[in-house]
Amino acid sequence: MNVPDAMFALSLSTKVTVGTAALGGIAGAIGALAVLRGRSLLGDMLSHAALPGVVLAFLLTGSRSLAVLSVGALASGLAAVGLMTLVIRWTRTKEDAAIGVMLSTFFGLGVVLLSKATRSTASGNSAGLTSFLFGEPGNMLTSDLALIGAVGIASAATLALLFKEFKLVAFDPDFALSQGWPATRLDLAMMTLVAAVTIAGLPIVGVVLMAAMIILPAATARMWTHRLHTLLLLAGALGVVAGGVGPRLGHGVPAGPAIVLTAATLFVLSLLFAPEQGMIARLVHEQRLRRRVAQDHLLRSLYELAEPRLAETPMIPFAALAANRGWRPARLRRLLSANQEQGLLAYRGDAVTLTPLGIRAAAEATRRHRLWELYMMRVAGAAADHVDRSADDVEHLLPPAVLLELEAELAAETAAEAAAAPTVPPSPHRMGGDAP
Amino acid sequence: MTGCSPALAVGWPTWLVSDAAAIIATGAVTAAACAVLGSFLVLRRMSMMGDAISHAVLPGIAAAFLITQSYSVGPLLVGAIVAGLATAALTQSLHHYARVPADASMGVVFTSLFALGVVLITQVKGVHFDKQCVFEGALELTPLYVVTIAGVELPRALVVGGVVLAMNLLIVALLWKELKLSSFDPALSETMGFSAGLLHYLLMALTAITAVASFEAVGSILVVAMLIVPAATAHLLVDRLGPMVFLSAALGAVCSGLGYALAAWFDVNIAGMMAVVAGGLYGLAVLLSPQYGILSAVVRNARLALAVVRDDLLGVLYRLEELGTEHRLAAAEACAAVGGGLLARRGLAGLLRAGQVTQTTGRLELTPAGRDAARQLVRAHRLWENYLVQHLGLPLDHVHAPADRVEHYIDATMKESLEQKLDDARTDPHGREIPN
């Protein structure tokens, strides 16, 4: 292997950092494809299935060089992938069980061969084999770096060449198949990439943690973006960060787990703080929606209670309002004061009245509700006493464009002026008695 | 995780028969305990949960060590169960609330927890964490650790395995119909008032207990193998849940005995060999299962193809007779007319043997029996064509091909009911007579 001399000159800690960072980058990008394709646990299977190949390669050649062992690992990893595909295609065994069967059988075979190697050769001669599996970044050699570099270049080239194909297969394999694409072959190509990356990383982070390097950056990046090329780049970048920073963090913490825990920390941070899919953003969004729904319901109740003599802006008794939707008094009081702050209503003592601003907002909420009710009755043929509840669920989510459309449709359907004019149509059902 | 020195294991093949029996019995009992749960994991498509939990209990065990500073079994089991349940709960909530794909969320959780466990273990002073030992277990050493129960010396691992097996069997028997229902139809189970979620976590807890209890004796590789492989094998062989559970347990026990024998013969690791045997039995089931095996599918398909080609040959000869010519086909011509090849020649040979066709001076002639069979076939074909035209309104040039496919499956009762449905059951849509 023609490695630049400069690489020999690197200090060990630099080698480790460069190596793990590069590995993290490739594993992140390739892993993103596997995760999208629903094959997240493929890395786990491949890293276990590599063992018999590693030991066989050693037993056959007597060599412990990284190249020989890696070729063996790749061969047995691909054999496991092939058998798994065959079993899923031909039998009733499902994907999860097929992965599990291949993983444990191949690993068991590896353990058997390893014990054979240990017992039949001079003691210590097979020691390098187990470190191939359990990972030892401290022992990073120039040949490890060269292997990672080669795999990185090869997989980047493959990704660049087959980007469009991988995209389609990852998102919609059935569509790809129906369009006459060689979906199975592309799938195999993708799994081969995953296998190559997994095996390049095995001697560095070990079996279980290599599976993590495939999944974690991809799952993290998925929180931030919906676009494939951004996803691949971001997952790669996250992998580089985890691989580059991880080994330098802990005192006395082994490098492999440190890398994975760094990646896991990035995942948890993204899970919490990502702008759109993060838990906090989603909670805030949900809270906002809930508040808007409560406000719509309050305003509509007020409007409907005031409706008989709307022009006089009547005072609505608190008790009547609470009974209208079955609010608990404490909750209703909180709701009222929140809306009073927005200037939508005036709430004094035991009575509530809508402000002019509030009347307009209430009319808008009521109009949305009744338009949907009318639409359900006339177009979907629902009965008058069935539409109130369904409108209750939908009214808050109707955008203005849909409202216009509803109006147009209702106008075309019945030529009802009430629906066509931007006023509140009368309720299509009896008021009061049927409200909960 | 204690006492895993390979030096002790070197001499085992010459051990006494009772030691072999102890190892086999321990392996069998442990395998059966795993396999009983495995059936449910495989059916729920959660096979990899066994793999995930058996890795993710590590931080629980390590934390129990760190907190109690002792090796006693109680805290260790509690730690493992907590970690196992946390794995299940975290996987579930990541999938539900953060919309991470199910397999990716499992991968994220168990690899991160495993990394955390490795870090925690390195903080435990005086404990050497032998990763290889966790993977492979120390089944060889089983007879060395004994407990005395009612005056009988028994291997400790055998007693532990027996207790776990009894617990699993008892709980599965008590909750049989609930587990069955929630495995096949979680939604129905939920509506009938059995919480599928509760059963899920119960199953996860049992898996965690079983995994931890089995680790020391058989290692994680055999636990994962026995959780998945025997159940996947049984799933290929039987359709009913009860037989599947018992067959999995029995297969687990068989793997133990056979694995031990082979391991002794080849002088290799026992647990690994048991996993290989399990995989081998699965492979046999994939090939030979009477109902779902690849071989039986091939045989079924070949038989069907042969029956179809024989029907086609009869059809060709009958239609030629129908034309009223004196011309008769040679064997090669007839074979070519139905697609040729080995299949056609075998089909023709079958017809000659069955006495439905005779060959005189190189020309083929239908016998009276053959003519009857052919008439029934052509009748089915033309009735179906007629039906397609009259009832489905297909154009004339579209009915031959579907009738050609369906004609082989139309039996006497169906012919009768077709006849009753048709206005004119005497001629086919092309104007040819429908034979009687």
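The values are calculated or read from the model by the stated rules, or taken from the named source; none is laboratory data. Treat the numbers as computed from the prediction; the structure is a model and nothing was measured. All Cβ positions, even for glycine, are placed from backbone atoms using ideal geometry, and neighbour counts span all protein chains on display. We work out accessible area using only protein heavy atoms, side chains counted, and drop any ligands, DNA or RNA first. Shrake-Rupley method; radii C 1.70, N 1.55, O 1.52, S 1.80 Å.
Things to note:
- Region A:271-379: projected area of the alpha-carbon convex hull, averaged over directions, in nm²: 9.1 nm²
- Per-residue ³J(HN,Hα) for region B:47-61, Karplus 6.51 cos²θ - 1.76 cosθ + 1.60, θ = phi - 60°, Hz, x for Gly and Pro: 3, 6, 4, x, 4, 4, 5, 5, 7, 7, 6, 3, x, x, 5
- Between residue A:352 and A:316, A:318, the built amide H atoms are under 5 Å apart, and every one of these is 5 or more places off in sequence or on another chain.
- Radius 14 Å from Cβ of residue A:275, net charge of other residues (Lys, Arg +1; Asp, Glu -1): +1
- Computed on chain B, with alpha-carbon pairs under 8 angstrom and 6+ residues apart, the relative contact order is 17 percent.
- Long-range HN-HN contacts of residue A:274 with modeled amide H, under 5 Å: A:279
- Euclidean distance between Cα centres, region B:297-327 to region B:206-261, Å: 49 Å
- Net charge dipole, the protein assembly as shown: roughly 1240 debye, given to the nearest 20, about the Cα centre with Cβ charges of +1 for Lys and Arg and -1 for Asp and Glu.
- Principal-axis analysis of the Cα atoms of chain A puts helix A:142-171 at an angle of about 40° to the longest axis.
- Helix A:42-61 vs. chain A, principal-axis angle (Cα, 0 to 90°, nearest 10): 0 degrees
- Projecting the Cα atoms of B:29, B:387, B:196 onto the charge dipole of chain B, computed from C-beta unit charges around the Cα centre, puts B:29 farthest toward the positive end.
- Legend: mean number of C-beta atoms from other chains within 10 angstrom of residue C-beta atoms, peptide A:213-222, equals 4.
- Gyration tensor (alpha-carbon) shape descriptor, region A:15-77, a/c threshold 1.5: oblate
- Averaging the sequence gap over all C-alpha pairs within less than 8 Å and six or more residues apart, then dividing by the number of residues, gives region B:261-402 a relative contact order of 17 percent.
- Angle of helix A:228-249 to the longest C-alpha principal axis of chain A, folded into 0 to 90 degrees and rounded to 10: 60°.
- Per residue, chain A reaches -25000 deg cm²/dmol at 222 nm when only DSSP H runs of four or more residues are counted, each adding -39500 (n - 2.57).
- Cα gyration tensor shape for the protein assembly as shown, rounded if a/c is under 1.5, else prolate or oblate: oblate
- Pairwise centroid distance, computed over Cα atoms, of region B:337-361 with region A:335-395, Å: 81 Å
- Simple point charges give the picture: +1 on the Cβ of Lys and Arg, -1 on the Cβ of Asp and Glu, and for region B:343-401 a dipole about the Cα centre of about 300 debye.
- Most positive-pole-ward Cα, A:42, A:263, B:290, against dipole of the protein assembly as shown from beta carbon charges: A:263
- Chains B and A together bury roughly 4600 Å² of accessible surface, counting both sides and using a 1.4 Å probe on protein heavy atoms.
- Region B:179-264: relative contact order as a whole-number percent, Cα under 8 Å and 6+ apart: 16 percent
- In the context of the full set of protein chains, region A:235-324 has a per residue accessible area of 50 Å² (1.4 Å probe).
- Residue-wise HN-Hα coupling along region A:380-395, computed from phi with Karplus coefficients 6.51, -1.76, 1.60 (Hz; x: Gly, Pro): 8, x, 7, 6, 4, 7, 10, 8, 4, 5, 5, 5, 3, 6, 9, 3
- For region A:162-241, the square roots a ≥ b ≥ c of the C-alpha gyration tensor eigenvalues yield an a/c of 1.5 or more together with a/b not exceeding b/c, which makes the shape oblate.
- Peptide A:85-95, shielding by other chains (average Cβ, 10 Å cutoff): 5
- Estimated FRET transfer efficiency when R0 is 60 angstrom, pair residue B:358-residue B:261 (beta carbons, to 0.05): 0.55
- Amide H partners (placed H, <5 Å) of residue B:146, local residues excluded: B:156
- Alpha carbon centroid spacing (whole Å) that separates region A:40-111 from region A:264-310: 49 Å
- Couplings 3J(HN,Hα) of region B:375-387, computed from phi: 4, 4, 5, 5, 4, 4, 4, 6, 4, 5, 4, 4, 5 Hz, in residue order, whole Hz [Karplus 6.51 cos²θ - 1.76 cosθ + 1.60, θ = phi - 60°; x for Gly and Pro].
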